Amino acid sequence: MPEQKGELQEQIDEQEEPKRKKFGMFAGVFTPTLLTVLGVIMYLRSGWVVGNAGLLGGWLVILLAFAITIFTGLSMSSITTNIRIGAGGAYSIISQSLGIEIGGSLGIPLFVSQALAVTMYIFGFREGWLYVFPEHPAIAVDFVTFLLLFIIANISTGFAFRIQYVIMAIIFASLLSVFGGLLTIDAIQPVTWWGEYPGAPENNFQGANFWIIFAVFFPAATGIMAGANMSGDLENPRRSIPVGTMGAIVVSLVIYLALAYWLSAVATTEELASNYTIMVDRALWGPIVVAGILGATFSSGLSSLVGGPRILQALGENKILPGGEWISQVTPTGEPRRAMWLTGGIALAALLLRDLNAIAPLITMFFLITYLMINVVVLIEQSLGLVSFRPLLKIPRIVPLFGALGCLFAMFIINPAFSLAAIIIVVIFYGILIRRQLANPFQDVRSGLFVSVAEWAAKRVAEMPSGQERAWRPNLLIPVEDPREMRGTFSFVREVASPKGSIKLMGLAGDDAEDREILKSVLAKLAQAFRDENVFSTATIIDSSDFGQGVLTGMQTLSGVFFRPNVLLLTLPPEGDKEREEDLKLVIGKARENRLGVMLYAEHPKARLGRKRLINVWTSDQSPDWEVRMELGTLDLALLISYQINRDWKGQINLVSAIEAAENVDEAREYLENLIVLARIPDAEVVVRHSELEPLIRDVETADLSVFGLPEEVDFDFVRRMVERSRSSCIFVRDSGEENALA
């Protein structure tokens, strides 16, 4: 059934897409990937690598570079067999796993790198052209080459691929000429297994080391995304990308290893290290090798000019970039023409700079970061163990791990400064995209990742000793029958829970289905409103027309969950509502059994919360024992809640106590002053009087909020009297036994 649903979705997507020519594995993936890997470094730097490192050292450089590429290719192949990859290649893969923000933060620099790579390849083509025709103006060669590339890419992708077939034939002909050069040499050179690392002509052979050689060669092993970038234009990307990419990697690896042996046989290490065109000189027919060099740079530029706009079109389609709707438009045949123009514009502007050597390493870094994240995506998906991750190509977890570490290692070996710069740029883009709160068109695994982290944390917490008082924060459980009642207390509830607490709205629905749906909808919006205020909130519905039993059921159900509420927030019922008072007595009496503190909120009908400046915390007479202990009873929750609210109010907290015996006043004052210090309540003041409670309430400064303890036997007449006489809104609290204001 799921497979049928997937096939049906693919049919719908095909109907919605413009009619376009789709490409198979060979044309769409294998050819562009192979031609990108068999690039100018193969022709002009392979001999230098062997001349410095020797044959075994050269093979080790090649194998190490391709090992990173193979691991990354396997990771990409695995993930593409698990998802329905859309347009954008690596951007699509990363976005579907880690979210559009991370995908976009990598996709933007990856696209810019593709556009600038077009210019880099044009410069490389120019150097080869001037080798043959040194009298031609360099700038003319650059612009004619760009114009030719741009015209081919704009005619159609199919035409560009047909051109690549011609180039591939030229490259293979050049390789035949190279290997045929063995027939023309007088004698095979003795193999130098380990080189002496003399360095390069540019630095007058001042020496090098293995990692310098590796850094120069490694970009040759990149380019494996050339086929994946065409993901939106492939007939069957789930099959074409793995087979085409891995096939191209294996073929190119064999060619590089064979070339290293050929080079060690046809020239001395001194010749290899000093002559970058040794392949042309030792080939059976040199001109075809020069044509191969030109073809390699031309095909790489064409591949970037065809693949880059696909990334840009996907970024525009998902509103990552301004003007996304305009950018994402395609022709009736599916060509991203507008994205092509923008890509060409960037490449053309870069041509005017005449030299990109200063930022060339940064381009390589963006490719490597992308490869790194592909490996990270697979590693995360494997580690989460989600049912949704069931790729047709399964690989051991060590593959993406080594791939990720290899990419990170290569980045900092090649250029540490540019590696840090690239990471900073990606982080900046991520911050910008997070602020934009983009609509995510992909189903990603971030929720699964966060749940796995939460489960890990839950297991660790479960193994710890009970009573983690220092980790306490207000996680409110609020029963709701009529959501309109929450409108008046919204601000107060937010102040209690903010910034790190949470709110669980528990709707109590009767038998009417329509009323239930209305309550469910309104609570969902209310929970979202709290989340918009940066307070985590969720809502649930309990079918119960009996308030007391409904709340009791909710408390009992939630008491066993890990992220459980720890404070039950109730509101004072209207005077005369004896039924609700009895329900509240039942609920309050059972709260401690379910490890819940209680807050009974009684809002003053006129004063409400006043100016939100002063909180009076009323403490009971402790006579005759005025020693501060770790357990303060009801005062623990009273102090914690008062401090929590005052963090938002930025006002004043007074600890107030009415003392029956005059001789205890000084002890009471000392007790409260010590309590302020031990509880770390900043700028709090102490008010102690020899008086009864109710007369003192009239005498002290009127607070905006008064906090009282809630006795074992709840007296609602007393509660209403305190609201009236304090002339303020009041909270009546009872601890659960798990709070500790001194922790």
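The values are calculated or read from the model by the stated rules, or taken from the named source; none is laboratory data. The shown structure was predicted, so the numbers you read here are calculated from the model rather than taken from an experiment. Counting neighbours? That spans all protein chains shown, and the Cβs are built from the backbone with ideal geometry, glycine included.
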Those residues of the range 181-210 which are over 50 Å from the mean Cα position of the chain (by Cα) and not in a loop (DSSP other than H, G, I, E, B), in sequence order: G181, L182, L183
Qualifying residues in the range 486-501 (those that are in contact with a helix residue (DSSP H, G or I) (Cβ under 9 Å, 6 or more places away or on another chain) and outside any helix (DSSP H, G or I)) - the one nearest to A471 (Cα to Cα): G501
Any hit, the range 127-142, residues being in the same structural domain as I374 (by TED's automatic domain parsing), touching a Phe, Trp or Tyr at 6+ places or on another chain (Cβ under 7 Å) and either at pLDDT below 90 or surrounded by 21 or more Cβ atoms within 10 Å (Cβ to Cβ) (or both): no
Selection status of E517, among the charged types (D, E, K, R), over 24 Å from I645 (Cα atoms) and under 39 Å from the mean Cα position of the chain (by Cα): yes
Tally of residues being touching a helix residue (DSSP H, G or I) at 6+ places or on another chain (Cβ under 9 Å), touching a residue at least 40 places away in the same chain (Cβ under 8 Å) and farther than 24 Å from R721 by Cβ across the range 553-594: 7
Selected residue (criterion: modelled with the lowest pLDDT) from residues of the range 596-607 that are surrounded by 16 or more Cβ atoms within 10 Å (Cβ to Cβ) and out of contact with any Cys (no Cβ under 9 Å at 6 or more places or on another chain): A607
Matching entry among I425, I395 (being part of a loop (DSSP other than H, G, I, E, B) and either of a type in the set (A, V, I, L, M) or assigned by TED's automatic domain parsing to the domain that holds P322 (or both)): I395
Which listed residue is modelled with pLDDT under 85 and either among the small types (G, A, S) or crowded, with 19+ Cβ neighbours inside 10 Å (or both), from A422, A457, A404, A417: A457
Count of the range 690-725 residues which are under 51 Å from the mean Cα position of the chain (by Cα), buried (at least 22 other Cβ atoms within 10 Å of the Cβ) and outside any loop (DSSP other than H, G, I, E, B): 4
The range 470-484, subset under 22 Å from D648 (Cα atoms) and not in a loop (DSSP other than H, G, I, E, B), residue modelled with the lowest pLDDT: R470
Search result, residues across the range 525-583 that are surrounded by fewer than 17 Cβ atoms within 10 Å (Cβ to Cβ) and small (G, A, S): A529, S545, S559, G560, G576
Residue satisfying all of: in the range 230-272; among the small types (G, A, S) and at pLDDT below 90; surrounded by the most Cβ atoms within 10 Å (Cβ to Cβ) among these: S231
Answer from I79, I122, I70 - the residue that is crowded, with 23+ Cβ neighbours inside 10 Å, at pLDDT 85 or above and under 29 Å from L294 (Cα atoms): I122
All positions within the range 147-191 that are among the aromatic types (F, W, Y) and either touching a residue at least 60 places away in the same chain (Cβ under 8 Å) or closer than 15 Å to V290 by Cα (or both): F150, F161, Y165, F172, F179
Elements of type helices (runs of 4 or more DSSP H) in the range 278-359, at least 2 residues being assigned by TED's automatic domain parsing to the domain that holds R162, closer than 25 Å to A90 by Cα and touching a residue at least 40 places away in the same chain (Cβ under 8 Å): 286-317, 337-353
Check on V49, closer than 20 Å to Y261 by Cβ and either β-branched (V, I, T) or outside the structural domain of S174 (by TED's automatic domain parsing) (or both): yes
L284 being crowded, with 24+ Cβ neighbours inside 10 Å and out of contact with any Lys or Arg (no Cβ under 6 Å at 6 or more places or on another chain): no
